[in-house]
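The values are calculated or read from the model by the stated rules, or taken from the named source; none is laboratory data. Small disclaimer: the values here were computed from a predicted structure and weren't measured. Note that we place each Cβ from the backbone using ideal geometry, even for glycine, and neighbour counts take in every protein chain shown. Accessible surface areas use protein heavy atoms only, side chains included; no ligands, DNA or RNA. Shrake-Rupley method; radii C 1.70, N 1.55, O 1.52, S 1.80 Å.
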Amino acid sequence: MAALPATIGRTVLVDAQGINMNSAHIVGLTIASLACVTDLRTRRIPNVLTFGAALAGLLYQFVSGGIDGLGHAALGWLAGGLIFILPFAVRGLGGGDVKLLAALGAWLGPADVVWLSLYTGVAGGVMAIVVSARYGYLGTAIQNVKLLLCHWRVAGIEAVPAITLEHSGGPKLAYAFPILTGMVATIWLR
């Protein structure tokens, strides 16, 4: 039987299985949820959400942890942005996805944003397979991955115009959903 939520300092004990959530986790889940809803509806994540969330995360960490908290948040923001910069540079992700991960990094810090990106990658891969299969695009998607890897081996890591977000004929993924899934996994498993 699950215990009633209790508060210990800044940590909220959610249930008897040991899932601990602090206020930064709750705000991060809220940010990721809002981004997911807007991404699913409009295929965009608004700058006011990503930049506002990053600024609020930096401010929150400064108020709650002083200059060390601000440094922790800044490293999380930087790590979150850097992790998704390569997929963005080769036009595999949109800029909103990069800014969302960076904003969540400001709330979570550098270590948890690395875990968030790993769980997000797994969720995104599963989602890509499911969506591709549903739309009869799985074979083409697999061929595109082979093309991309061969191109990178020969020409180096760069965008392949025929299979970028702008030019691909395949189904588009609202990547905020895997980011939200990764956020839930990060809180649950970390």
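Tabulated data
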| quantity | calculated |
| --- | --- |
| Percent RCO, i.e. relative contact order, over the chain, from Cα pairs under 8 Å lying at least 6 residues apart | 25 |
| Label-point gap, in nm, between ARG41 and GLU166 - each point 7 angstrom along Cα→Cβ | 2.8 |
| Simple label model, 7 Å out from Cα along Cβ direction - PHE51 to SER23, nm | 2.6 |
| Convex hull (Cα only) mean projected area of the stretch 101-141, reported in nm² to one decimal | 3.2 |
| Inter-label distance, nm, simple model (7 Å from Cα along the C-beta direction), ILE142/ASP68 | 5.2 |
| Degrees separating the helix 110-134 axis from the principal Cα axis of the chain, which is the longest one | 40 |
| R0 of 22 Å, Cβ-Cβ distance ALA159-LEU82: FRET efficiency to nearest 0.05 | 0.75 |
| Residue-normalised accessible area of the chain, given per residue in Å² at a 1.4 Å probe | 56 |
| Cα-only radius of gyration and Dmax that characterise the chain, units Å | 18.0, 58 |
| Accessible carbon and sulfur surface of the chain relative to its total accessible area, %, 1.4 Å | 70 |
